[in-house]
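Single-structure report; data block below.
The values are calculated or read from the model by the stated rules, or taken from the named source; none is laboratory data. Quick caveat: nothing in here was measured; it's all calculated off a predicted structure. Cβ atoms come from the backbone with ideal geometry, glycine included; neighbour counts cover every protein chain shown. Calculation scope for accessible area: heavy atoms of the full protein, side chains included, ligands and nucleic acids excluded. Shrake-Rupley method; radii C 1.70, N 1.55, O 1.52, S 1.80 Å.
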Amino acid sequence: MMDSYLYIIIALLPLAAMMVVFQTNPYHALVIRGVLGAIAALVYSILGAPDVALTEALVGTLLAITLYAVAVRSSLVLTIGVLQEEFEIEDQTLDFQVLISAVQTSLDPYYVRVKLMPYADLKALDQALRQQEIHVKVYGNTISNAKLDEIQIKSYQLVTRLNRIYEIIKPDITSALVLLQSSDLKEAQS
Amino acid sequence: MTSVMMTVLNIAIIAMTLSILIPMYAAWKDEDIWQTMLSMASISTKSSLIVLMLSVLRDDWMIGVSGVIMISVGNAGFMLLAHILKRMGEA
Amino acid sequence: MIEVLSSFCILVGLVFGFWGTSSLLGSRSVLFKLHNLSVSDTLGSISIIVGLLFLRPREWPLLLLAIISLMLWNTMLGYVLASCSSDAVKNQHDVLYFDPDFEIGDES
């Protein structure tokens, strides 16, 4: 009877570990990793190892979570290269904003966020895509319609070099999307 | 310490452990990251309190020291994590 | 006598703890939950530690340190969490591209 609390507290540890394992959102998993660290420190100190508990609290919770947070933040990003004229929000056309938000919406289930990267001209944009600085490039062609000659329509084209990203964002956007074949990339490099 | 008081402390530790389960369920269920952060802060405070209660129950000075350090370090870590999460929301 | 006092303090702390954490399960706003949780957690924890202090006065420096760090850190953490979460909510509205109800032909 006297030590029955030990079993209840120790049962919390696999429970918290299961919560970390089955959490799909990386940011939530980070926070629940903090919960696991707190409970692990508790279990270690009630089993008579305060030194291990201190190490868990200092390194396992403080340092590991900070490093994981930086890693998650810098890796779950889709970089889209755009021309300089479309980088500032005030200069963007409505079609462009709709396109970017459609890409963001299709990436939301994978917890990836979109980041825009400006380039000076089309050549620099193409160079960046081939050198794997960006994942997707977007550029617009101005089409002058003969019937509505007052209005200039800009049609946007996306080019990506990654097959998986092509599969993910293809169903959600109406603009043209081109997958750059890997043979094209090799040809350009040689 | 009398044996009655030890039983009281035992029951208090078990009740405290059960009250950890509430924020754990909230952290599991909630979609909002800030509510998960709240439950994490609550769990950390409660677990260090259990460590302190245990150090009194067993009359063990070392466990008490580790409990106090867990309180201050855990909270400092959460403040760091909260700032990093805020930057993620901005960028 | 001192044991009755200490048991009472621990009981009050437990009641505070259960009351504050049960507000986590409701569907109120984050700031409401934060307020309830920080008040009840801090007061409940301090009450429990005072109960422990009655029980074992020999460990007073440790328990006093625990009370002080609880008071300082919980207040600061509450402030940081509140400011961070309200900033994040505000910034979500600032992002320009996310207007799902907007139709392309609307401006004409």
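Can you give the average number of partner chain beta-carbon atoms within 10 Å of each beta-carbon in peptide B:7-15, as a whole number? Provide the component values of the computation, followed by the final result.
Details: counts 2, 8, 7, 5, 5, 9, 7, 4, 7.
Per residue, the number of nearby Cβ atoms from other chains is 6 on average.
Placing +1 on each Lys and Arg Cβ and -1 on each Asp and Glu Cβ, with no other charges, gives the protein assembly as shown a dipole about its Cα centre of roughly 1360 debye. Taken as Cα centroids, the range B:1-77 and the range A:1-28 sit 13 Å apart, rounded to the nearest whole angstrom.
Here the contact order of the range A:4-74, divided by its residue count and restricted to Cα pairs under 8 Å and six or more residues apart, works out to 29 percent.
Simple spin-label estimate for C:Phe18 and C:Ser86 gives 3.3 nm between the two label positions (7 Å along the Cα-to-Cβ direction from each Cα). Placing pseudo-labels 7 Å out from each Cα toward the beta carbon at C:Trp60 and A:Tyr110 gives an inter-label distance of 6.3 nm. Any idea what diffusion coefficient the protein assembly as shown gets from Stokes-Einstein, in µm²/s, Kirkwood Rh on alpha carbon pairs, 10 °C, 1.306 mPa s? So the translational diffusion coefficient is about 66 µm²/s. Here A:Glu167 sits with roughly 100 square angstrom of accessible surface, probe radius 1.4 Å. Between C:Thr75 and A:Thr93, the modelled labels are 5.7 nm apart [label points 7 Å from Cα along Cα→Cβ].
Measure up B:Lys29/C:Lys33; A:Lys115/C:Lys33; A:Lys115/B:Lys29; A:Lys123/A:Lys170 against 21 Å on the Cα-Cα distance and list the ones that go over. With Cα atoms farther than 21 Å apart: A:Lys115/C:Lys33; A:Lys115/B:Lys29; A:Lys123/A:Lys170.
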